[in-house]
Every structure is written in structure tokens, then in C-alpha cells.
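Some notes on the structure that comes next.
The values are calculated or read from the model by the stated rules, or taken from the named source; none is laboratory data. In this text the structure is predicted, and so the values were computed from the model without any measurement. Heads up, the Cβs are rebuilt from the backbone with ideal geometry, glycines too, and the neighbour counts pull from every protein chain shown. Accessible surface areas use protein heavy atoms only, side chains included; no ligands, DNA or RNA. Shrake-Rupley method; radii C 1.70, N 1.55, O 1.52, S 1.80 Å.
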Amino acid sequence: YDAAHTPSRDRRSFPRPHAIMRAASYARPLLTRAAKRGATAGLDPGTSSALPLPSIGPQISRTPGHPTFSATATRSYNASLRDLAVAPRPVNFGIKVVPERAAVVVERFGKFHKTLGAGIHLLIPLVDQIAYVWHLKEEAIPIPGQTAVTKDNVAISIDGVLYVRVTDPHLASYGVENPIYAVSQLAQTTMRSEIGKISLDKTFEERATLNSRIVALINEAANAWGLQCLRYEIRDIIPPPGIKQAMEMQAEAERRKRATVLESEAEREAAVNRAEGAKSAVMLNAEAEAEAIVVKAKATAVSLKVVGAELRTGDGREAARLRVAEQYLREFGNIAKAGNTVLLPADVGNPATMVAQAMAALGAVGGSGLGGL
């Protein structure tokens, strides 16, 4: 098929029906010869293996770190983006069905022609070539472990997971060679750069902030490659054995410190509670004693008032004489029991005289109110 047979006004526009028939007439003998070669080689003529498979380059990657694929690998919509980036080109049979959340980049005569979305599409065999197949779903790309040096010169081993998706199939196909490999390498270098800006302790504390900064820096470069980094998650941060042992000892010391502080605070609170309890007990006892004294004083005052009122009557005075006599005799007997020496009044045999003396003393203490006793 010669390029002169294509419409000259717009080669990228869809060809006319007669052009399709002309291309099909040229393609029919080629397909027949390919089927005969496949039958001679013992292959099924109806399979795609009987047809020559154009490739996009060598199947063994020339870039260090790229995965290696066999010659039988094909571009499947269920394959990962890493495989789709370097897999061989599928054969164009004229009809292409693109599933949902997928995109197919078509080239015409080696030049980008269009991007096919989900649905059924008609292509010209041998004229249109399926250059790239991409799925548009989010994919998790593991970032292998690597060594990074923190701000305080501690070498740690760190790995993560990068979540990306293809936003522009055209840029993903022609913006960079193997965009998944490029974005994974960018994630590694960015992670090392960000780890070098913070200390080891901050690495564990600011993991979320570190992830967001890495995503922002990756998207600055990945947008030109038709990729979008949705998020980046650090999986493991492994310090050297010596640093790990020192961190464990530091954590143990910190736990002991917190235990000692908590124990001292508990003792302080207990002492304060005991002091407050003793203070409250003393105050309550004092208040109780004061109330008791007041009650006793009021009772004494009431009793004295009643006694005084009764002493002003004749019966009261007689009762007072009798009570004084009883108390005098009882106390005199107690004095005799308590000591070996007893002072006896002059007239021991006359108790009336002793009662009269006691009443006279009472009258002298009472003043004018008791003078008549």
C-alpha cells in the first residue's frame, strides 16, 4: 500500500469507503500469504501467531532496572502499567473493541493519529497501528527499599507504595520512555531528598507530612508524562541495629521516667489528701467542741437561772440547805478516804453548825440575792 493512495487534504481524517476497500484489497493477499506461512509452520491460520507481529523495539530493556519481557508478551488490559509500557504492539485486524477504563493509542504511518476510548472502533489494517494500550485505573506501584541519610547523619532503609493512574494516554506514550519506571525512580530520589531535610525522630513523627510533600514534588514532573500521583505511603522505616537499640533504650528510659513521675505525683496527691483529711478532722472536732461548750454554757445558764429563781422561795431555800448538807457530808467523807490526815472542825458532832457555816458562805458569795438565806 502506497501513501500516494491516501487523501491528500487530511491524512489523519477517517478515510472514505472506497479508500477502505482499496486498502482491504491490498491487505488480502498479504494476509493470505501470512496464513500459508503459518500453516506451513504448523500453526493455526486463524490465530494471530500466524501474522507478523510488529514490535516497538527490543524486548530486552537497555535501561538498568527495566523489566525483561519475552517475545510472546502482549498488551492486555489486565496487565500492569509497568508491563503495558514495554509490551509488544498488538495486531490490527480492522476492528478494535476497547473496554471501559482503557485507552488505545493509534498511529498512522508511524505518526500519532488518535486515542481510542471505550467502545468499538474501525481501523485500517497495515495503515493504522496500535502503538500503546493503557488502562486508566489507579494502580499501586511498590517502591523498593533504599538507603537514605537523615539530617542528623543516620542511614535508614525505607520503602513505600506509590499510587498512580494514567490521565493522558498521549503524553504517557510519547512524553517519556517507560513512564512507570521514570515515576518510580523519581519517587525514590524525591524520598531520599525529603528524608535528608529532617531528623530521624521527625521521620517517624511527620510521616503524613512527608508523604504529602513527596506527592506534590512527583506531580510536578509526572504531569508532563500523562501520569498523576494520587498518594504515596511509606511502608517501613528501618534504622541501623545500633540506632534501633539506642531507640529502644531511650524508649525504656522514657517509660521509666514517666512511671517515676506518675508515682511521685500519686504520692504527692496522697499526702495532700491525708493533710486535707487531718485538717478537716481537726476543724470538725474544734467546731464540735465549741458547739458542745456553747450548749453546756447555755444549759448551765438555764440551770443557774432556775436554781436562782427557786432560791428566792422558801421551799427552794430549804432544798438548797439540804443539798448543801448532803454535798458537805459527801465531800467530807471523800477527804477522809483520800488521805491519812483529816482536819476536823471544832464541833464535829453538830452537823447543823457545819451546814449553817456552808449556807453563810453561800450567802456571802451570792451577795444581796442570797443574803436572806
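Listed by chain and number, the aspartates and glutamates whose C-alpha is less than 19 Å from the C-alpha of K305, apart from same-chain residues fewer than 8 away, are D315, E318. Straight Cα distances below 23 angstrom link K244 to the lysines K151, K197, K202, K257, with same-chain residues fewer than 8 positions distant left out. Straight-line reach from K114: taking Cα to Cα under 26 Å and skipping same-chain neighbours fewer than 8 places apart, the lysines in range are K96, K137. Sequence-ordered 3J(HN,Hα) estimates for the stretch 103-116 from the Karplus curve with 6.51, -1.76 and 1.60 and θ = phi - 60° stand at 8, 10, 9, 10, 10, 10, 6, x, 10, 4, 10, 6, 10, 8 Hz, glycine and proline given as x.
Tally Lys/Arg at +1 and Asp/Glu at -1 over every other residue whose Cβ is under 11 Å from the Cβ of D159; what's the total? Cβ neighbours under 11 Å give a net charge of -1.
Distant-in-sequence amide contacts of R89, defined by a placed amide H-H separation under 5 Å and a gap of 5 or more residues or a different chain, comprise I56.
Normalised per residue, the accessible area of the stretch 172-329 is 66 Å², obtained with a 1.4 Å probe and no contribution from ligands, DNA or RNA.
Could you order peptides 173-179, 226-232 by the average number of other Cβ atoms within 10 Å of their residues, highest first?
Those peptides, ordered most packed to least, come out 226-232, 173-179.
At a 1.4 Å probe, what is the % contribution of carbon and sulfur to the accessible area of the stretch 119-208? Percent of accessible area from carbon and sulfur atoms in the stretch 119-208: 53.
With a Förster radius of 41 Å applied to the beta-carbon distance between K244 and A271, the computed FRET efficiency rounds to 0.50. The amide H of L230, built 1.01 Å from its N in the peptide plane, has Y163, V164, R165 as neighbours under 5 Å, considering only residues 5 or more places off or on other chains. Across the stretch 226-238, rounded Karplus estimates of 3J(HN,Hα) from the backbone phi angles (6.51 cos²θ - 1.76 cosθ + 1.60, θ = phi - 60°) give x, 10, 10, 8, 7, 6, 9, 10, 7, 8, 10, 10, 10 Hz, Gly and Pro being marked x. Under 5 Å between amide hydrogens, built in the peptide plane, is the criterion, and for L136 it picks out A102, A103 among residues at least 5 positions away or on other chains. In order along the stretch 267-282, phi translates into HN-Hα couplings of 5, 4, 5, 5, 5, 5, 5, 5, 5, 5, x, 5, 4, 5, 5, 4 Hz, rounded to whole numbers, per the Karplus curve 6.51 cos²θ - 1.76 cosθ + 1.60 with θ = phi - 60° and x for Gly and Pro.
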